[in-house]
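The values are calculated or read from the model by the stated rules, or taken from the named source; none is laboratory data. Remember, it's a predicted structure, so these values are computed and weren't measured experimentally. Counting neighbours? That spans all protein chains shown, and the Cβs are built from the backbone with ideal geometry, glycine included.
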């Protein structure tokens, strides 16, 4: 069979919109993938427009759309042929956490490349994720799949793409798909009213990875997520979290490959760890657990149905109730210093010279996560609570602060975040913005509305136990808000 200059070699799939073939471009002597759209399809013009948008993207993580043709009244979309395995093929064997994060990072980088070209995927499914023989992760079907069948979940294409990243990570960790069964992968079960998290399905999934998955899934308006997992504000926050997860699993990986650490993990690890590290620095900030609820943040909210959402057969418009977050920037920090608040509310500033370059306030401001501002070591829980130890941050000018991303030392701390328009001299100068009990190492606090301020204080009300006593600190922070 032939379509124009293309010889149709193998039928890959046939659906209500037409068919997909492995074909040979006889003019250019190369293999290609053809999607042949039926002439009477009412979505023909929308599919053509989507294919033309998709053809603008040229990135190593994205399967390229090479041409959009009209052959004797038949719409033909020509894409590159990839010698690669789909995600269901990859998951025929268990993956290590490192390999799972690497694949999710590859998908996130593909989504970032699409967004940079003004395009969204909108419908990430297991069959759209490919891994080549060299270990490169590629995403196919961008824009076109959404035009054919609508977004994978409600909330619009950007939210669907973040949901897709979380779905890929869920699949790599558990072998299940959130809106499944899909492409031979079984569905993620619903426990109570919520989708089960990876840690409830598979042993040895770290809480860190659990939170990344559930926060990605929480972006969908039609899928209920686990309580305490509000959605990520944007793609940058997802990439930051994945980059840090890659660092975590690399540190915690066994020195000798275990049976669960597959050949794919070894291949992908070296190729993507450098890109993950760069992404962590370039992204807006570190994000894992928001202090406020989705209703407070103005983010996308989960629907009321616990059933997996089924996409309609035709494209759907963005739901009007979905709120878009305004663009945010990261504010520079001019300086920082340590303080303590006594029982009377008076503030004492730490004396110069008591902090080393790797443990002083400046260590919380640099991009080096191996250095950190550290509190003093307290011998008892009561003395640590009574210390009122805090780090004060000076933004240099007043800004509308909306979010803080903080990397804390230790497994969990109780912290208070407060603001002041002038250098604080007593506790009465500090207005409480948020209080967190048991804040994890990577914490993002998003305020219900921007607060105009210049000074911020992060005070420790409870510190974790260390080998020497009670101590905590901050290794990194980022302060964000709308451009003034």
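Just one of the listed residues (364, 376, 412) is buried (at least 20 other Cβ atoms within 10 Å of the Cβ) and within 22 Å of residue 476 (Cβ to Cβ), namely 364. Within the set of pairs 6+ apart or on separate chains, which have a first residue in the range 375-399 that is in the same structural domain as residue 450 (by TED's automatic domain parsing), a second that is outside any strand (DSSP E or B) and surrounded by fewer than 16 Cβ atoms within 10 Å (Cβ to Cβ), and C-beta atoms under 6 Å apart? Final answer for the pair search is 377/468; 377/469; 378/469; 379/469; 394/334; 396/334; 399/484.
Condition test on residue 405, is it in a strand (DSSP E or B), buried (at least 21 other Cβ atoms within 10 Å of the Cβ) and in contact with a helix residue (DSSP H, G or I) (Cβ under 9 Å, 6 or more places away or on another chain)? It is true that residue 405 is in a strand (DSSP E or B), buried (at least 21 other Cβ atoms within 10 Å of the Cβ) and in contact with a helix residue (DSSP H, G or I) (Cβ under 9 Å, 6 or more places away or on another chain). Residues in the range 426-442 that are part of a strand (DSSP E or B) and either in contact with a helix residue (DSSP H, G or I) (Cβ under 8 Å, 6 or more places away or on another chain) or outside the structural domain of residue 391 (by TED's automatic domain parsing) (or both): 442 alone. When 450, 423 are screened for being part of a loop (DSSP other than H, G, I, E, B), on the phi < 0 side of the Ramachandran plot and surrounded by fewer than 22 Cβ atoms within 10 Å (Cβ to Cβ), only 423 passes. Kindly indicate whether any position in the range 33-46 is touching a helix residue (DSSP H, G or I) at 6+ places or on another chain (Cβ under 8 Å), modelled with pLDDT of 90 or more and not assigned by TED's automatic domain parsing to the domain that holds residue 243. Yes, there is a match, as at least one residue in the range 33-46 is touching a helix residue (DSSP H, G or I) at 6+ places or on another chain (Cβ under 8 Å), modelled with pLDDT of 90 or more and not assigned by TED's automatic domain parsing to the domain that holds residue 243. Would you please name the residue that is nearest to the chain's Cα centre (by Cα), looking only at residues in the range 381-400 that are under 21 Å from residue 448 (Cβ atoms) and surrounded by fewer than 23 Cβ atoms within 10 Å (Cβ to Cβ)? Step by step, filter the range 381-400, then rank; the result is 400. Being in contact with a strand residue (DSSP E or B) (Cβ under 9 Å, 6 or more places away or on another chain), surrounded by 15 or more Cβ atoms within 10 Å (Cβ to Cβ) and closer than 25 Å to residue 202 by Cβ is true of residue 91.
One line per residue, one yes/no per condition, for (1) over 30 Å from residue 125 (Cα atoms); (2) modelled with pLDDT under 65:
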site: 323; (1), (2): no, yes
site: 329; (1), (2): yes, no
site: 334; (1), (2): yes, no
site: 339; (1), (2): yes, no
site: 343; (1), (2): yes, no
site: 352; (1), (2): yes, yes
site: 359; (1), (2): yes, yes
site: 380; (1), (2): yes, no
site: 396; (1), (2): yes, no
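Considering each residue of the range 86-104 in turn, none proves to be more than 24 Å from residue 135 (Cβ to Cβ) and part of a strand (DSSP E or B). It is to be established whether one or more residues within the range 60-78 are more than 23 Å from residue 17 (Cα to Cα), over 18 Å from the mean Cα position of the chain (by Cα) and outside the structural domain of residue 168 (by TED's automatic domain parsing). Yes: the range 60-78 contains one or more residues that are more than 23 Å from residue 17 (Cα to Cα), over 18 Å from the mean Cα position of the chain (by Cα) and outside the structural domain of residue 168 (by TED's automatic domain parsing).
You will find that of 410, 388, the residue that is in contact with a helix residue (DSSP H, G or I) (Cβ under 9 Å, 6 or more places away or on another chain), part of a loop (DSSP other than H, G, I, E, B) and under 21 Å from residue 461 (Cβ atoms) is 388 and no other. Tallying residues that are farther than 21 Å from residue 144 by Cα and either outside the structural domain of residue 103 (by TED's automatic domain parsing) or in a helix (DSSP H, G or I) (or both) within the range 167-196 yields 6.
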